[in-house]
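As structure tokens, the structure follows; a few thoughts come after it.
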Amino acid sequence: MITALYNAQIISNGEILSGKTVLVENGKIKAVTNADAIPADANKINLNSAYLAPGFIDLQIYGTGAYFFGGQPSAANLKGMEEGLLAQGCTGFMATIATNTNDIVEAGIAAAKEYRPQAKGNFLGLHLEGPYLNPKRRGAHPAELIKKATLSEVKHWVDMAGGEIKIITLAPELQDAEVLAYLDGQGIVLSSGHSDATYTEAKSFIHKPVSAITHLYNAMPPMHHREPGIIPAIFEDRPYTSVVADGIHVNFTMIKLAKRELGDKLFLITDAVAEASEGTYQHHFTGDRFVMPDGTLSGSCLTMLKAVQNIIQKANISLPEAVNMATLYPAQLAKLADKGKIEVGFVADLTIFNSDFDLQGVMLGGELTMST
């Protein structure tokens, strides 16, 4: 059965198309065509002029709702995250584990492998943020659990994970070259984060082999006129760079600056967490943010749709480009070649929302759920 999504404003690859219909068959996009080309026996869905975009992809998220995989990793929490994020229009996510004990990291790896056979399709794998960070820029990560990577440990985790580890955030300036080369050789995205790298150090590792930057501006040295630090190196060499667009982690003026400098390499993450009253990360929601017991800012309470809305309304980024930052660019970094666009042959992961940024529906692998 072909599903025809018509009367929509289609957002893909930096453009908005009107008067077109998206045909979906067997979980893939079969065609983007004119309304008069809809097969007579198709299941026709009128989207009433809503926006139809690729499904959002969040490469750094710890939890949502009552499900805090990042601190309490389990297959049940992955299931809860899949269902909760899908209801937010997020059709792909990297479940993230912050600096923690080896037992917690390995429990997360085991949970990912256990859950994989029953995954709906939006759980993309694991992002380890730590424990190989710079304690000078630790943020909410506990200093006593931060350490330098060893080749034996990373090999053990990679072997244990069986392909589930997709991204590792670390401080490259503190790691041995053999560790970075090994991880890069395994196809794992290396992202610099919680780093105190100088400008010169950053120039030596960006693209060599560090291909990404984690949450721009946060947990890194600010720019200075004598020691420029890592930020000017990022702007010059333009790796894929994530940003938390909640107006709390980063001022929107600084997002405007980053967008001007980084263009199609700046992408959105939520870095979202969930309430927790036990374990290493006891997040509490206070006012408009999550904080640790000592008041340190922790993860956000963003959704990807809210992040898109924020950068349009507060950073003067166009709607098509904001959607790219939530779909196409993270897909490119994660090497998801058939996601992030509405084009023939791409997976039919789609998000539907109106001009008020209210979610109207979501499609995962061709299966459509409309919001009530």
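Structure summary
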{"quantity": "Verdict on residue 215 being more than 19 Å from residue 332 (Cα to Cα) and part of a loop (DSSP other than H, G, I, E, B)", "calculated": "no"}
{"quantity": "Single residue of 183, 216, 174 found to be in contact with a Ser or Thr (Cβ under 6 Å, 6 or more places away or on another chain) and of a type in the set (A, V, I, L, M, F, W, C)", "calculated": "216"}
{"quantity": "Members of the range 281-291 found to be at pLDDT below 90, closer than 15 Å to residue 68 by Cβ and not in a strand (DSSP E or B), listed by number", "calculated": "283"}
{"quantity": "Residues located in the range 204-244, provided they are in contact (Cβ under 8 Å) with a residue 12 or more places away in the chain and small (Gly, Ala, Ser)", "calculated": "211, 212, 219, 229, 233, 242"}
{"quantity": "Some residue of the range 148-156 being under 18 Å from the mean Cα position of the chain (by Cα) and in the same structural domain as residue 283 (by TED's automatic domain parsing)", "calculated": "no"}
{"quantity": "Of the criteria (1) of a type outside the set (S, T, N, Q); (2) farther than 16 Å from residue 264 by Cβ; (3) in the same structural domain as residue 63 (by TED's automatic domain parsing); (4) within 19 Å of the chain's Cα centre (by Cα), which one residue 364 fails", "calculated": "(3)"}
{"quantity": "Enumeration of residues in the range 313-335 that are over 25 Å from residue 348 (Cα atoms) and either surrounded by 21 or more Cβ atoms within 10 Å (Cβ to Cβ) or without any contact (Cβ under 8 Å) to a residue 60 or more places away in the chain (or both)", "calculated": "313, 315, 317"}
{"quantity": "Total residues in the range 6-62, condition at positive phi and buried (at least 23 other Cβ atoms within 10 Å of the Cβ)", "calculated": "0"}
{"quantity": "In the range 35-59, residue farthest from the chain's Cα centre (by Cα) [restricted to those that are of a type in the set (A, V, I, L, M, F, W, C) and assigned to a loop (DSSP other than H, G, I, E, B)]", "calculated": "40"}
{"quantity": "Residue match in the range 262-277 (condition: assigned to a strand (DSSP E or B), free of Cβ contacts under 8 Å to residues at least 24 places away in the same chain, over 20 Å from residue 194 (Cα atoms) and out of contact with any Leu (no Cβ under 9 Å at 6 or more places or on another chain))", "calculated": "no"}
{"quantity": "Residues of the range 90-105 classified as surrounded by fewer than 22 Cβ atoms within 10 Å (Cβ to Cβ) and of a type in the set (S, T, N, Q), total", "calculated": "2"}
{"quantity": "Where residue 272 falls short, out of the listed (1) farther than 30 Å from residue 103 by Cα; (2) of a type in the set (A, V, I, L, M); (3) touching a strand residue (DSSP E or B) at 6+ places or on another chain (Cβ under 7 Å)", "calculated": "(1)"}
{"quantity": "Qualifying positions in the range 143-175 - touching a Lys or Arg at 6+ places or on another chain (Cβ under 8 Å) and under 18 Å from residue 194 (Cβ atoms)", "calculated": "146, 171, 174, 175"}
{"quantity": "Filtered residues of the range 220-243 (kept if touching a helix residue (DSSP H, G or I) at 6+ places or on another chain (Cβ under 8 Å) and either hydrophobic (A, V, I, L, M, F, W, C) or not assigned by TED's automatic domain parsing to the domain that holds residue 198 (or both))", "calculated": "220, 223, 230, 233, 234, 235, 243"}
{"quantity": "Some residue of the range 302-312 being at positive phi and free of Cβ contacts under 8 Å to residues at least 24 places away in the same chain", "calculated": "no"}
{"quantity": "Residue match in the range 25-36 (condition: closer than 21 Å to residue 242 by Cα, touching a Leu at 6+ places or on another chain (Cβ under 7 Å) and hydrophobic (A, V, I, L, M, F, W, C))", "calculated": "no"}
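Listed here are the residues, each with its yes/no results for (1) of a type outside the set (S, T, N, Q); (2) at negative phi.
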| residue | (1), (2) |
| --- | --- |
| 134 | no, yes |
| 146 | yes, yes |
| 155 | yes, yes |
| 160 | yes, yes |
| 163 | yes, no |
| 175 | no, yes |
| 184 | yes, yes |
| 199 | yes, yes |
| 207 | yes, no |
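This table checks each residue for (1) surrounded by fewer than 22 Cβ atoms within 10 Å (Cβ to Cβ); (2) of a type outside the set (A, V, I, L, M); (3) under 26 Å from residue 338 (Cβ atoms); (4) modelled with pLDDT under 95.
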{"residue": "116", "(1), (2), (3), (4)": "yes, yes, yes, no"}
{"residue": "145", "(1), (2), (3), (4)": "yes, no, no, no"}
{"residue": "156", "(1), (2), (3), (4)": "yes, yes, no, no"}
{"residue": "165", "(1), (2), (3), (4)": "no, no, yes, no"}
{"residue": "181", "(1), (2), (3), (4)": "yes, no, no, no"}
{"residue": "191", "(1), (2), (3), (4)": "no, yes, yes, no"}
{"residue": "194", "(1), (2), (3), (4)": "no, yes, no, no"}
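The values are calculated or read from the model by the stated rules, or taken from the named source; none is laboratory data. Because the structure is a prediction, the values reported are computed rather than measured. Neighbour counts are summed over all protein chains in view; Cβ atoms, including those assigned to glycine, are modelled from backbone coordinates with ideal geometry.
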